[in-house]
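In what follows, a structure is listed as structure tokens, so that the remarks can point back to it.
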Amino acid sequence: MSAFEYYSKQSITKDSVNRKRKNKKKLKKTPVKIIKTESGKEDPKTTGSHVLNSIYNHNFHNLKDSSKTGQKLLEWLIHPNSVDDFMRDHWEKNILHVPRNNSNYFLQLFSLTELDTILRENNLQYGTNIDITSYTDNVRETHNPVGRAYPHVVWDYYKNGCSVRLLNPQLFAPEIYKFMANLQEYFGSLVGCNVYLTPPFSQGFAPHYDDIEAFVVQVDGEKHWRVYKPRSQFETLPRTSSRNFHQDEIGEPILDVILRPGDFLYMPRGYIHQADTLFTETHSLHLTFSSYQQNSMYDFLQVAVNNSLNNAVKNDISYRFGLPIGYQHFGGLCESEKKLPRTIQRQKFQNQINQLIKNLKNHLDLDHVIDMFSLKNYYTNSLPPSISKDELLRTVANGTKMLPNGKTIGEEVNLENAEVKLIRKNCFRLVEESMLDEETDRMTNELRLYYNLDNSKQLHGNECQFVVIPDEMGLFVKKLFNIYPLFIKVSDLCNDNEQVMQLVNDLWERGLLITSKNITTMSN
């Protein structure tokens, strides 16, 4: 359906927008509750851009732990709350609303002008990169045409009451990408982001809950938010997002507030929410950062139980015995209708199953499960690290260059005299995997160093790159892991071992190591 067909069908015209404006006082307006968490005065020392830049620069120039940088970014989001207090009182438990009276706090992350520029300079596709949505008369609709989202058409929808959602802003907005890539270093979990632009006097989405921890950042304009507790224990911390709810299904809000530029809102997964600009008389631009999607104990235990079963069947014959003859008649829907007590065979079978399940814990290799789950849920889905210009001077990126005359100019790197460390804390995973040796037709163990440095910015489904590490070299890779965030002299690591020196060169040439300072010297 084209934008113009949509307008005709829905009768969403400038006149209808004016009618909304004219009649807005007739709509029921829930009293707004403001939760004060600070004095309300803007503190020039905590201006958003200044603090955000200092967090990045502190890490780059002083070469600190990358996970600490991520923690500082979370602290910046929830300021003046501490991370410890937030994790104790709010994380996966309660909402947190922070009004700031500091309209510039989040301005560095994104802007209306940047959104317009992205539309004009990139080939954004409906449904893949951008959605056009509306929520009118309790009906939620998506109005995506086919093909490229041209600014003229997108803004035509917007002028006539539709909201615009940018699905993967990290592909186009450098500051959002940098923020996400650094924040994921703290969470050790995928960090996502959506951008939402809503015109005045409208609502883009129905009441619903999400399957992520949501961090709402109000950048421009104002938006009226209503948040509701999970409706039941079943919907608390859900693994999947909900359907669209009707108003009469969700009860009364526990938070009814207007977010203004610089304000922040955190919602645990399962908290129902809806937001509109029906009463604010202005547009709204906000970002929602997300984390902890399918990162629960249940998700981890799926891998853990599978690991235990695989180990048990190899090492304990009890798991390889056949099922008892006639087990089909020990239970089932029809058998459950029979009068108690159960048969002796049924009780014996149940006791046997209970014992096997109980014994599974003896076959759990927790270290291997953590490795496998990390690879599955984080390393193949995460963003590549955001590398600063200062850091690039201390990596292989500062290497040989091509001159206009067809000659190359080289950067000679003397790693033997360098101090090195892994480029990020959560960029790597050293894993021992069982591989089939095609020559001997036997299973052998292989050390692999996986890394997300070459992941795409799309998120999800990356083929995670890895380096095969010779068994005798594993000790030196572990040392690099365990010494982080400190640097180590290559000469101390190698101790005149040519094989270790070659390993260091291999890691360096893949961009996995960074030196403590620029050690390159120009040579023709």
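The values are calculated or read from the model by the stated rules, or taken from the named source; none is laboratory data. Just so it is clear, the model here is predicted, and its values are computed rather than measured. Cβ sites come from the backbone with ideal geometry, for glycine too, and all protein chains shown count toward neighbours. For accessibility, only protein heavy atoms count, side chains too; no ligands or nucleic acids. Shrake-Rupley method; radii C 1.70, N 1.55, O 1.52, S 1.80 Å.
Region 335-381 and region 429-462 have Cα centres separated by 28 Å. For the chain, relative contact order (Cα pairs under 8 Å, six or more residues apart, normalised by length) works out to 14 percent. Each peptide in 383-390, 156-163 receives the mean, over its residues, of other Cβ atoms within 10 Å, and ordering these scores from highest gives 156-163, 383-390. Peptide packing for 267-276, 356-365, 477-486, 290-299 was compared via the average number of neighbouring C-beta atoms within 10 Å per residue; ordered from the highest value, the list is 267-276, 290-299, 477-486, 356-365. Considering only the other residues whose Cβ falls under 15 Å of the Cβ of T288, what net charge follows from Lys and Arg at +1 and Asp and Glu at -1? Cβ neighbours under 15 Å give a net charge of -3. Counting 0.36 nm for each residue step from E432 to K489 and taking away their Cα separation leaves a gain of 17.9 nm.
In this structure the chain gives 52 Å² per residue of accessible area when probed at 1.4 Å with all protein chains present.
Shape analysis of region 179-337 yields a ratio of the Cα radius of gyration to the Kirkwood radius, Rg/Rh, of 1.20.
When both region 201-271 and region 387-419 are represented by their alpha-carbon centers, they are found 48 Å apart. Solvent exposure of I132, expressed as accessible area, is near 0 Å², computed with a probe of 1.4 Å over the protein chains only. Counting only Cβ charges, +1 for Lys and Arg and -1 for Asp and Glu, the dipole size of the chain around its Cα centre is about 2380 debye. These residues, D256, D220, go from largest to smallest accessible area, 1.4 Å probe, as D220, D256. Please work out whether region 424-524 counts as rounded, prolate or oblate from its C-alpha gyration tensor, where a ≥ b ≥ c are the square roots of the eigenvalues and a/c under 1.5 means rounded, while otherwise a/b larger than b/c means prolate and anything else oblate? Taking the square roots of the gyration eigenvalues as a ≥ b ≥ c, region 424-524 is oblate. Ordering I254, N351, Y450 by Cα displacement along the dipole of the chain toward the positive end leaves I254 in first place; charges were set at the Cβ atoms of Lys, Arg (+1) and Asp, Glu (-1). Which label belongs to the value computed from this structure, given these candidates for Cα extents along the principal axes in Å: [x] 140, 51, 39; [y] 85, 49, 45; [z] 89, 79, 48? Given [x] 140, 51, 39; [y] 85, 49, 45; [z] 89, 79, 48, the structure-derived one carries the label [z]. Give the shape of region 148-252 as rounded, prolate or oblate, defined through the alpha-carbon gyration tensor: a ≥ b ≥ c are the square roots of its eigenvalues, a/c under 1.5 means rounded, and otherwise the shape is prolate if a/b is larger than b/c and oblate if not. Because a/c hits 1.5 or more and a/b fails to exceed b/c, region 148-252 counts as oblate. Prolate is the label for region 387-443, because a/c, from the alpha-carbon gyration tensor with a ≥ b ≥ c as root eigenvalues, is 1.5 or above and a/b exceeds b/c.
For V467, V153, the ranking by accessible surface with the largest value first comes to V153, V467, using a 1.4 Å probe.
Placing +1 on the Cβ of every Lys and Arg and -1 on the Cβ of every Asp and Glu, with no other charges, gives region 200-318 a dipole of roughly 340 debye about its Cα centre.
Close amide H partners of I469, meaning residues 5 or more places away or on another chain with modelled amide H under 5 Å apart, are L447, R448, L449. In order along region 85-100, the phi-based Karplus estimate (6.51 cos²θ - 1.76 cosθ + 1.60, θ = phi - 60°) of 3J(HN,Hα) comes to 5, 4, 5, 6, 9, 10, 3, 6, 10, 9, 6, 9, 10, 10, x, 10 Hz; Gly and Pro are listed as x. Cβ-Cβ distance of N518 and E416, R₀ of 22 Å, FRET efficiency by 1/(1 + (r/R0)^6): the value works out to about 0.85. Rolling a 1.4 Å probe across all protein chains gives L190 an accessible area of roughly 20 Å².
For Q274, the amide hydrogen comes within under 5 Å of the amide hydrogens of R226, counting only partners 5 or more places away or on other chains and with H modelled in the peptide plane. Using the Karplus relation 6.51 cos²θ - 1.76 cosθ + 1.60 with θ = phi - 60°, the per-residue 3J(HN,Hα) values for region 380-394 come to 7, 10, 7, 6, x, x, 8, 9, 6, 4, 5, 5, 4, 5, 10 Hz, with x marking Gly and Pro.
Taking label positions 7 Å along the Cα-Cβ direction at both L278 and Y150, the computed distance is 3.5 nm, reported to one decimal.
Sequence-ordered 3J(HN,Hα) estimates for region 430-441 from the Karplus curve with 6.51, -1.76 and 1.60 and θ = phi - 60° stand at 8, 10, 9, 10, 8, 10, 7, 7, 5, 6, 9, 6 Hz, glycine and proline given as x.
Estimated at 0.36 nm per residue, the fully extended path between K68 and E335 surpasses their Cα-Cα distance by 90.4 nm.
When the listed pairs K314/K478; K68/K178; K68/K421 are checked against a 20 Å cut-off, the alpha-carbon distance exceeds it for K314/K478. Model label sites at E141 and I254, defined 7 Å from Cα along the beta-carbon direction, differ in position by 3.5 nm. Surface composition of the chain: carbon and sulfur atoms hold 50% of the protein heavy-atom accessible area at a 1.4 Å probe. For F86, the accessible area of its heavy atoms, probed at 1.4 Å with every protein chain present, is near 0 square angstrom. Positive-end ranking of T440, L415, F428 along the dipole of the chain, with charges on Cβ about the Cα centre, is headed by F428. When each of the peptides 90-98, 166-174 is scored by the mean number of other C-beta atoms lying within 10 Å of its residues, the order from highest to lowest reads 166-174, 90-98.
Projecting the Cα atoms of T395, N102, S67 onto the charge dipole of the chain, computed from C-beta unit charges around the Cα centre, puts N102 farthest toward the positive end.
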